[in-house]
Each structure stands twice: as C-alpha cells, then as structure tokens.
C-alpha cells in the first residue's frame, strides 16, 4: 500500500531535491499522491515535477504566513491542513519550509500521527546570532520535538521523524566512519582532533544582502542555519564512531568568531562593487554607510567555531567547524540568472575534513568544486572526477604492517554499485537516497532501526548549533570572547533532560 504525501514548502530546495525523488518514488510504486503547500502567491503558480518526458502537475494549497516566533500553527492554517489531510488521505509530511517555522509544522504533523521527513536544521529562531534567549531556544526545541515524537509513537509505533541530513548517506562519509570505527576497535583510540570547513561560494552583492530574503541574513541568523547544520550533524556522527567505553563525550565548549554582512561590506565595499560591475551603481539604491547600518544586526555570513569535546572532565577531542558564505565563486555577471541565488549563478561549494585518530590514522576528505553541477550544460560525470571528491587515508604501518600507509579513494572508488541505482559520492545523489529511505520505510520495506537519520540521533547536532549561536550572541552583546558550554551526552534520560545546563562560560 502506498502513502500519500504532503510537501509543506515548495521553494527552490524542494523543487530541486524532494520533488524529483518523489516522482521517482511514484514511478517505482513506493509513493501515492503528492500535494504541495505554500504561501498563496506560490500556490497560485503551476508547479510541475518529474522527468522531462513524464512531467506531472503538483496540486497546490495556499496557507497564510504567520509570525516565526509562534511554536504552534494558527488555527486558520491548521484548519486548511487538516482538511487537506482528510481529503487527500495524507499519511506522511515533508517539511521543507523556511527553517524558523519547521517546528510548528512538525508538531502539527506528529499530533495528527503523520510521519515526517524534516529538512535541516530542526529549528532556528529570529535573532539567534544576536539574542542569547533565541539561541538557547534551539536546544529547547529539540526537547519539545522529542517529547512530541515519543507521544506520537506511543499512540502509533509506526510514526517516524527522519531528518534530511544527507551526508549520513554520502559514500565518502560512510567510508570514513567505518575507518574510524575499525581503528578505534583495534587501538581503543578515539578521534583526537577534527577540522571541518564548508564554503558556499555564493556571491551576494551589497543591495542583494538587503533585498533577497531566500537563504538570507536579515532575520538575525545566516550561514550556520542555512547549510551549517550539515557540519553540526556530520562531525558528531563521525566522532561517535570512535567513542570507546570510558571515553564517551559528555561536554562541549564552543567559541565563535563571526563576520556579518556589515563586516564583509568593509572587506569589499560598495565602491569596489561599482568598479567590478558596470551598472551596479545605477541599480543599487543604498549608500555604503546606509548598508552597514541596515545590516549591523544581520546574521552571520562567515563563522569560525572552535570546539573542545570532553569526557569526564578530560579533553578528548579538539575540533573546529569553519562555515563561510563569502568564499570563492564563479559569479561574473551583475544580473543573476536565477533571482534567489539558491543554485547556479556561479555558486561553488567547497568542503574539507581533516581527522586525526592519535598516532594511528589520519583522514583527509576534500570536495573541491570548480564548476557547479546544476549549471546548464555541465556534465555531472565530468564534474565528479578524481579531483572533485577524494578521501586520503594515512595509517601507521610501522606499528601495524598489515595496514596500508596511504590509500586514496577517488570519485570512482567511492561510488557504490553501478548503473542508474549507483550511490554516487555527490550531495544530490545522497539527498535522493535520504528521501528514498523515508519512502521505503513508509512502504513497509525498511525497519525503523535501519533509518540513518532518526530524530533521536540529532540531539548532539542541535546542541552544537545552539552553542554556536549562543557564543555568537554573547559576543555581539558584550564584544568579548565568550564560550558556550553544553551537555554533549548522546541521550540523557528523560529526568535529566530538563536539568541539562546551557550556559556561557568566560
């Protein structure tokens, strides 16, 4: 029996990732009908999805916007959604909205006994990078969502919440996790340091910082909420593979340095942009001083985070997560091809992870794009070459002669399987597998225990994101270096959850 789905939020992200995967699910007999929900202006426009030769029209329903500060959907929105659930016999929901309203939609779905595929991050609050209360609420939201999840599963054990964290499905990260676990088993050594970085490569011009809201900075949060959650998720997922009895991580300290739009406007001024782009001066209605004032309390464009992971009071792992929006780009035109700048327009992603496991193993992951594989005329097979995704493995073979001193896995070596069903080491392929896993679960073809991204496993990512924003907010208000110290246990008991401190430590 197939399940009918409701997609809440049909923006560029859902159209690029969710809808093609749902069309494939329909073609494979895994999925029933699909209905979209968005704001009235979006819902009035026709949306087609599916392969070019077999397009289908997505039925759309409009709901009115509501304040991002609300944790519960307004009665009018709930009424519209409830009618759709009954009329379309909806059995599951994909929440792909702007992240500040993820929580109320997810809570509504769980109240109705509907399984949820939830986009990252789990939640975020307006002003999180400038207001410590808003930052702390990110961690509290996880507890709220988990409580609702437990209640829903108590009523119906088949209900699940899977989080769209595609790096868990990426063959390179799966390989690295296995390698970490293997060495930990052999040596009893955890991961001792991890350096992670991600660059967006999306160049926003000064006026676009104010005028473009999609994945913008005007709500008091930015890069850490847009794509940073992927790093907050994959780092503890990798660290967990190296945890050993007596060496479990229980606390993390986070220290943030931030560059906001007002800072990047000092790096590359309005006058600089006028020289680089003929016609920018005529288009831009803002002066340099005005832009700096308008963006002073905007969210982070770049944030560099220093982490100290402890176990029983001892330092176990040192780490860094560096998240940068203002990075190498291939944008070369004043007017973008796509107004939202979400994909294309010269956007180039670059990501690295360097992992040390004491004197035994080092892992280097590099994903270094020179072209974006969503650009027209670009062959993904060419982009996905040896220099695109690479994992280097270094091992101490003088201690263990059976280990290889250096092994390299390139694009072909990381690809799992062959043909159309091959698991490619790309983010798009991994996102497709995340959606497909959810659909296979709904179709009864996969037990919950095999879900790679079940909600309970996201406590640590939520804590990291909350701590990052807490440190940013304290620095914004005091101007002094402030670290956030958080509980980092994988799953505290229900009695302890309400006693876990979230504090700022000088």
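The values are calculated or read from the model by the stated rules, or taken from the named source; none is laboratory data. All figures in this text were calculated on a predicted structure; none of them were measured in a lab. So basically every Cβ, Gly included, is an ideal-geometry build from the backbone, and we count neighbours across all protein chains shown.
Answer yes or no as to whether residue 214 is over 30 Å from residue 407 (Cβ atoms) and within 16 Å of the chain's Cα centre (by Cα). Judged against the criteria, residue 214 is a match. Scanning the range 296-310 for residues that are modelled with pLDDT of 95 or more and either loosely packed, with under 14 Cβ neighbours inside 10 Å or in a loop (DSSP other than H, G, I, E, B) (or both) yields 298, 299, 300, 301.
Filtering the range 339-358 to residues that are touching a residue at least 60 places away in the same chain (Cβ under 8 Å) and in a loop (DSSP other than H, G, I, E, B) leaves 339, 340, 341, 342, 343, 345, 346, 347, 348, 349, 358. Before we move on, is residue 270 closer than 21 Å to residue 321 by Cβ, at pLDDT 95 or above, buried (at least 16 other Cβ atoms within 10 Å of the Cβ) and touching a helix residue (DSSP H, G or I) at 6+ places or on another chain (Cβ under 9 Å)? For residue 270, the condition - closer than 21 Å to residue 321 by Cβ, at pLDDT 95 or above, buried (at least 16 other Cβ atoms within 10 Å of the Cβ) and touching a helix residue (DSSP H, G or I) at 6+ places or on another chain (Cβ under 9 Å) - is not met. Annotation note: of 47, 86, 37, 10, the sole residue that is without any contact (Cβ under 8 Å) to a residue 24 or more places away in the chain and more than 20 Å from residue 229 (Cβ to Cβ) is 86. Scanning the range 149-178 for residues that are surrounded by fewer than 20 Cβ atoms within 10 Å (Cβ to Cβ), part of a helix (DSSP H, G or I) and in contact (Cβ under 8 Å) with a residue 40 or more places away in the chain gives 151, 155, 175, 177, 178. In the range 236-250 there is no residue that is under 23 Å from residue 323 (Cβ atoms), modelled with pLDDT under 95 and part of a loop (DSSP other than H, G, I, E, B). Among the candidates 463, 449, which residue alone is over 20 Å from residue 22 (Cα atoms) and surrounded by fewer than 24 Cβ atoms within 10 Å (Cβ to Cβ)? None of the others qualify; the one that does is 449. What are the residues in the range 417-433 that are more than 23 Å from the chain's Cα centre (by Cα) and either on the phi > 0 side of the Ramachandran plot or assigned to a strand (DSSP E or B) (or both), if any? Correct list: 417, 419. Pairs are defined by a Cβ separation below 8 Å, a sequence spacing of at least 6 or placement on different chains, a first member in the range 102-117 that is without any contact (Cβ under 8 Å) to a residue 12 or more places away in the chain, and a second member that is surrounded by fewer than 22 Cβ atoms within 10 Å (Cβ to Cβ) and outside any loop (DSSP other than H, G, I, E, B); no pair meets this definition. Give me the residue from the range 359-374 that is at pLDDT below 85 and crowded, with 16+ Cβ neighbours inside 10 Å and, out of that set, farthest from residue 192 (Cα to Cα). If we take residues in the range 359-374 being at pLDDT below 85 and crowded, with 16+ Cβ neighbours inside 10 Å, then 374 is farthest from residue 192 (Cα to Cα).
Among the residues of the range 125-175, the ones that are closer than 30 Å to residue 406 by Cβ and over 19 Å from the mean Cα position of the chain (by Cα) come to 1 in all.
Close contacts from the range 305-325, counting a first residue that is free of Cβ contacts under 8 Å to residues at least 12 places away in the same chain and a second that is in a strand (DSSP E or B) and buried (at least 18 other Cβ atoms within 10 Å of the Cβ), with Cβ to Cβ under 8 Å and a gap of 6+ residues or different chains, come to 315/309. Residue-level analysis places residue 69 outside the set of residues that are touching a strand residue (DSSP E or B) at 6+ places or on another chain (Cβ under 9 Å), within 20 Å of residue 469 (Cβ to Cβ) and touching a residue at least 12 places away in the same chain (Cβ under 8 Å).
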